[in-house]
Number of protein chains: 2
Amino acid sequence: MRTALIDAAARILATDGPRALSTRRLAAEVGASTMAVYTHFGSMDQVRHAVRTEGFARLDAALDRIPRTDDPVADLTADALVYLDAGLADPEMYRAMFVDRPPPADTDPGSGLFQRLVASVRRCIDAGRFDAADDPLPLGWAAEIWTMQHGMVVLALGDVLPTDQIRFLLADMTYRLAVGFGDDPTAAHRSVRKRRRPRRTKR
Amino acid sequence: MRTALIDAAARILATDGPRALSTRRLAAEVGASTMAVYTHFGSMDQVRHAVRTEGFARLDAALDRIPRTDDPVADLTADALVYLDAGLADPEMYRAMFVDRPPPADTDPGSGLFQRLVASVRRCIDAGRFDAADDPLPLGWAAEIWTMQHGMVVLALGDVLPTDQIRFLLADMTYRLAVGFGDDPTAAHRSVRKRRRPRRTKR
DNA sequence: GAGGGTTCCATATCGCTGTTATATACCGAC
DNA sequence: GTCGGTATATAACAGCGATATGGAACCCTC
């Protein structure tokens with residue numbers, strides 16, 4: 001029942017947006033009464049929290065499917081593009097995860113994503129691509145890369161640019177940052193190009 | 001009356017968040033009945049739209065207050081920091097402007113901000129700081145800089161880092177991007193440092 | 001100054017929302 | 001078979017956005 005409710009909630013969210021995700025609509029979707037929602041979750045906020053957690057799990061799985069190569073900058077690019085594609089594939093889910101207000105003091109289920117970024121940046125540093133001594137904060141560059149990824153998805157969701165241009169722009173920005181982080185321009189260009197092509201199938 | 005309602009709405013938003021911005025609360029705040037809201041605006045969505053427009057006007061005014069110098073990269077940094085400070089000064093307003101869902105087909109009152117960015121980037125190119133031939137799209141780098149600014153504000157609003165570290169990080173990221181765009185590293189460093197200090201007074 | 005038209009707002013109401021109290025049905029343990 | 005606890009349905013509450021209706025205030029014209 002719990003998972004059925006979460007799935008139904010994610011479905012309603014994806015098709016009709018967050019305004020449509022109401023107690024009665026959700027209960028009707030699984031053929032139950034509204035009390036089912038309150039037995040398994042305490043409130044609609046906790047339903048949304050569960051949906052968010054589910055979204056993070058899916059994104060985590062999508063990122064896990066990317067093979068690691070011996071080129072950490074190319075891997076970083078691939079990660080960023082998958083992140084973007086995930087946002088484009090289910091914009092409402094992305095908004096639920098990163099945009100809409102999380103309840104205060106919500107233990108953020110997305111922190112794992114950040115740890116992943118930290119590891120990716122570390123690989124670039126260990127491989128001698130980024131200049132370690134230059135990072136201004138312990139996790140500064142990882143934060144900068146997340147800033148890039150999230151900003152790009154938001155740009156894409158506001159559909160100010162067609163999605164193929166967004167992908168191109170994200171690749172370009174990754175390249176610029178890599179160079180800014182100390183990577184050799186021609187090496188960075190090669191790495192980014194390597195991973196720009198394979199547009200993954202939307203789920 | 002209209003402006004009184006807008007001001008009251010902005011006040012409610014800033015103090016108690018978007019959930020508190022209801023017809024009845026808004027009407028009570030100005031000592032009127034709910035019909036006043038529907039006479040001057042057609043719906044609560046249009047109230048929110050008006051608040052957003054007001055927010056853009058304030059941000060525009062704040063950016064207008066920054067003097068232009070003969071160092072366009074330093075100016076770009078200053079703009080970014082003021083943008084960040086505006087978001088930190090009134091998070092709910094920032095969310096209303098850039099985060100919460102704008103009604104569909106809402107003619108975006110924020111497009112002026114983007115034109116401003118385009119002009120700033122153009123100045124860097126004209127001054128020979130950025131390499132013009134390298135920009136992948138007509139407005140690509142302006143979009144990348146906005147991505148950085150917005151991503152940083154969101155990072156700050158999620159308070160994952162103290163605000164002074166965020167300011168430092170934004171300055172660093174501006175530096176990295178400038179270098180990626182072709183600026184000389186030492187020149188970029190000097191420009192960014194020049195404008196990193198003066199933390200503007202919160203409004 | 002009086003009339004007529006228009007604009008603005010208060011009252012009351014509708015259908016919706018999240019949430020909860022109450023009562024019933026089910027289901028495993030003894 | 002009966003008990004105890006859990007899960008669900010029904011019904012209700014306050015609050016929400018929105019609207020229909022009616023009255024009050026204004027302004028222009030004569």
Number of positions in the stretch A:105-137 that are more than 21 Å from B:TYR175 (Cβ to Cβ), at pLDDT 85 or above and of a type in the set (Asp, Glu): 1
Kindly list the number of the only condition in (1) away from DNA strand C (no atom under 16 Å from the Cβ); (2) away from every other protein chain (no Cβ under 14 Å); (3) in a helix (DSSP H, G or I) that fails for A:THR39. (1)
Residues of the stretch A:24-50 being more than 24 Å from A:PHE98 (Cβ to Cβ) and surrounded by fewer than 18 Cβ atoms within 10 Å (Cβ to Cβ), in sequence order, are A:ARG24, A:ALA28, A:GLU29, A:VAL30, A:GLY31, A:ALA32, A:SER33, A:THR34, A:MET35, A:TYR38, A:THR39, A:HIS40
State whether one or more residues within the stretch B:178-189 are under 16 Å from A:PRO136 (Cβ atoms), facing another protein chain (nearest Cβ under 10 Å) and within 16 Å of the chain's Cα centre (by Cα). no
Please pick out the residue among A:THR69, A:THR53 that is more than 18 Å from A:ARG123 (Cα to Cα) and either away from chain B (no Cβ under 14 Å) or within 16 Å of DNA strand D (Cβ to nearest atom) (or both). A:THR53
For the stretch A:131-145, what are the residues that are open to solvent by 10 Å² or more (accessible area, probe 1.4 Å) and more than 7 Å from chain B (Cβ to nearest Cβ)? A:ASP131, A:ALA132, A:ALA133, A:ASP134, A:ASP135, A:PRO138, A:LEU139
Among the residues of the stretch A:26-40, is any in contact with a helix residue (DSSP H, G or I) (Cβ under 9 Å, 6 or more places away or on another chain) and touching a residue at least 60 places away in the same chain (Cβ under 8 Å)? no
Under 6 Å between Cβ atoms, at least 6 apart or on separate chains: pull out the pairs that start in the stretch A:64-87 with a residue that is small (Gly, Ala, Ser) and end on any residue that is assigned to a loop (DSSP other than H, G, I, E, B). A:ALA74/A:ARG195; A:ALA78/A:ILE66; A:ALA78/A:ARG195
Select from the stretch B:9-23 the residues that are crowded, with 18+ Cβ neighbours inside 10 Å, within 13 Å of DNA strand D (Cβ to nearest atom) and of a type in the set (Gly, Ala, Ser) and list them in ascending order. B:ALA9
Run A:ILE125 past the list (1) within 16 Å of A:LEU81 (Cβ to Cβ); (2) open to solvent by less than 40 Å² (accessible area, probe 1.4 Å); (3) more than 7 Å from chain B (Cβ to nearest Cβ) and report the number of the one that doesn't hold. (1)
So which of B:ALA57, B:ALA74 is modelled with pLDDT of 95 or more and either assigned to a helix (DSSP H, G or I) or more than 14 Å from DNA strand C (Cβ to nearest atom) (or both)? B:ALA74
Testing A:MET44 on (1) in contact (Cβ under 8 Å) with a residue 24 or more places away in the chain; (2) away from DNA strand D (no atom under 12 Å from the Cβ), one condition comes back false. Which one is that? (1)
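The values are calculated or read from the model by the stated rules, or taken from the named source; none is laboratory data. This structure is a prediction, so every number in the text was calculated from the model and none was measured. When we count neighbours, we look across all protein chains shown, and the Cβ atoms used for this are built from the backbone with ideal geometry, even at glycine. Please note that ligands, DNA and RNA were not included when accessible areas were found on the heavy atoms of the full protein model with its side chains. Shrake-Rupley method; radii C 1.70, N 1.55, O 1.52, S 1.80 Å.
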